[in-house]
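Here is the structure we will look at.
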Amino acid sequence: MRYLPKSDTERREMLDAIGVSSIEDLYAHLPDEVRFQGSLNLPPGKSEYEIIDYFAVRGAENANQHATFLGAGVYHHYRPVLVDAIVSRGEFLTSYTPYQAEISQGTLTAIFEFQTMICQLTGMDVANASMYDGSTAMPEAAMMAMRITGRNALAVARTVHPEYREVLGTYTRHQSVRVRNFEYDAETGQVDLASLEQVLDESTAAVLIQSPNFFGVVENTKQIAEMAHAKGALVVFVFTEAVSLGLLEPPREADIVAGELQSFAIAPSYGGPFAGVIACKEKYVRQMPGRLVGETKDASGHRAFCLTLAAREQHIRREKATSNICTNQALIALMATVFMALYGKRGLRELAEQNLAKAHYLGGKLWRRFKGPYFNEFVAATGARSAGEINRRLRDVKIVGGLPLERFYPELKSSVLLCCTEMASRADMDAVAEAFGA
């Protein structure tokens with residue numbers, strides 16, 4: 001709703017029209033004890049010049065010139081200027097849900113291209129038109145797996161992002177769902193297959209893994225999928241670093257893929273908004289939540305697009321719906337679409353190779369906690385210095401350090417999760433190594 005300022009004369013005319021003498025008369029029916037009679041403790045209004053000056057001062061306080069080695073689900077990648085130039089166009093920026101296909105072909109075409117490119121990246125047959133973010137996509141994929149199998153237990157790797165697992169706990173808390181966590185191998189940082197074997201049984205609907213996992217280690221998806229499928233369970237493959245898909249083998253062995261596209265030209269923005277996605281094999285498409293855009297023909301026989309398979313709560317009876325998420329991140333997903341179209345297959349691979357090379361350069365200078373293969377994140381041991389001391393040293397030279405892992409993994413005290421993207425310079429990486437005492 002727009003704010004429409006009114007003059008005193010206009011307010012007087014409205015009061016006269018409804019037959020009251022003052023605004024206070026509108027609340028005369030309320031007892032005195034529930035009415036606020038004083039004045040709000042708010043500062044006086046400011047002019048536009050004062051407001052601009054205020055935010056200029058506040059903005060100068062931000063650490064916006066710092067290099068960063070913080071990842072853990074939100075990554076500092078380069079954002080091509082073309083992305084904002086396109087998504088800021090009025091045709092996209094002001095559009096709403098494309099329910100009327102005859103006037104929404106531009107938006108529907110962009111979403112269809114988004115779905116197509118996500119399928120190419122993930123090796124799946126069909127993708128939806130985005131979820132809120134990766135942390136909601138994962139539990140939605142888990143619920144989808146339970147509907148498909150008719151089972152009520154989930155096996156979740158402890159190497160899945162801890163905050164994603166917290167959201168899953170919120171989803172399952174009151175649904176009589178059993179969530180079983182299985183461990184990681186202390187040497188490699190990958191899934192402990194013996195631990196997975198212990199939690200798998202005939203009631204398991206899905207095995208949830210992340211690769212690269214929260215420690216940055218690449219999982220053996222094929223072997224995990226074989227174990228899950230042998231018990232009749234589905235595999236939900238989760239990713240938080242989408243750039244890895246430009247280099248690593250697509251998770252074709254999985255049944256459902258759920259992930260976060262923030263790395264594709266979506267700014268960190270203090271944690272959102274982002275764009276999650278779910279992709280799956282075609283035989284499971286009718287259980288997929290969210291919006292899907294399909295290809296059809298118009299009355300003249302020309303290629304056209306429309307929303308299809310709308311099984312959301314907003315469209316059908318609640319008890320028959322696949323999800324109560326009744327919207328999507330179309331504008332944010334458009335950023336990812338522009339990014340993918342701009343980089344292309346070769347460009348995305350080159351970007352991924354830069355991330356890989358820089359992470360392995362820094363990783364070679366530090367003591368890595370795990371020996372498993374890694375992409376652009378790894379866990380480093382802090383040695384004699386604490387994580388807090390290291391990060392304070394880095395802040396002094398305008399570098400944001402890594403994430404101390406003790407908060408999520410008490411057994412990994414004195415360990416820090418570091419991330420190197422294409423934005424990391426050799427000088428900054430050397431400074432990080434020096435702060436660790438390497």
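The values are calculated or read from the model by the stated rules, or taken from the named source; none is laboratory data. A quick note: this is a predicted structure, and the numbers were derived from the prediction, not measured. Methodologically, a virtual Cβ is constructed for each residue, glycine included, from the backbone with ideal geometry; neighbour enumeration extends over all protein chains shown. Note: areas computed on protein heavy atoms with side chains; ligands, DNA, RNA excluded. Shrake-Rupley method; radii C 1.70, N 1.55, O 1.52, S 1.80 Å.
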Inset, instruction - Filter region 359-391 for residues that are closer than 23 Å to Val160 by Cα, aromatic (Phe, Trp, Tyr) and over 26 Å from the mean Cα position of the chain (by Cα) and give the result. - result: Trp367
Inset, instruction - State the number of residues belonging to region 374-422 that are of a type in the set (Lys, Arg) and open to solvent by less than 10 Å² (accessible area, probe 1.4 Å). - result: 0
Inset, instruction - Consider only pairs whose beta carbons are under 7 Å apart and that are at least six residues apart or on different chains; among these, list those whose first residue lies in region 13-26 and is closer than 23 Å to Gln37 by Cα and whose second residue is loosely packed, with under 10 Cβ neighbours inside 10 Å and modelled with pLDDT of 90 or more. - result: Leu15/Ser21
Legend entry - Residues of region 78-93 satisfying the condition of being in a helix (DSSP H, G or I) and open to solvent by 80 Å² or more (accessible area, probe 1.4 Å): Val81, Glu91, Leu93
Inset, instruction - Consider Arg369 carefully, then state whether it is open to solvent by 60 Å² or more (accessible area, probe 1.4 Å) and in contact with a Gly (Cβ under 6 Å, 6 or more places away or on another chain). - result: no
Legend entry - Residues of region 123-142 classified as modelled with pLDDT of 95 or more and either farther than 10 Å from Ala258 by Cβ or surrounded by fewer than 19 Cβ atoms within 10 Å (Cβ to Cβ) (or both), total: 5
Inset, instruction - Sort through Ala153, Ala142, Ala72 and tell me the only one that's out of contact with any Ser or Thr (no Cβ under 6 Å at 6 or more places or on another chain), farther than 20 Å from Phe264 by Cβ and touching a residue at least 24 places away in the same chain (Cβ under 8 Å). - result: Ala142
Legend entry - Pairs with Cβ under 7 Å, 6+ apart, first in region 267-291 and on the phi < 0 side of the Ramachandran plot, second of a type in the set (Val, Ile, Thr) and assigned to a loop (DSSP other than H, G, I, E, B): Pro268/Val74; Phe274/Ile266; Ala275/Ile266; Gln287/Thr322; Met288/Thr322; Pro289/Thr322; Pro289/Ile325
Inset, instruction - Might you let me know whether region 44-65 holds any residue that is open to solvent by 60 Å² or more (accessible area, probe 1.4 Å), touching a residue at least 24 places away in the same chain (Cβ under 8 Å) and either within 30 Å of Glu241 (Cβ to Cβ) or of a type in the set (Asp, Glu) (or both)? - result: yes
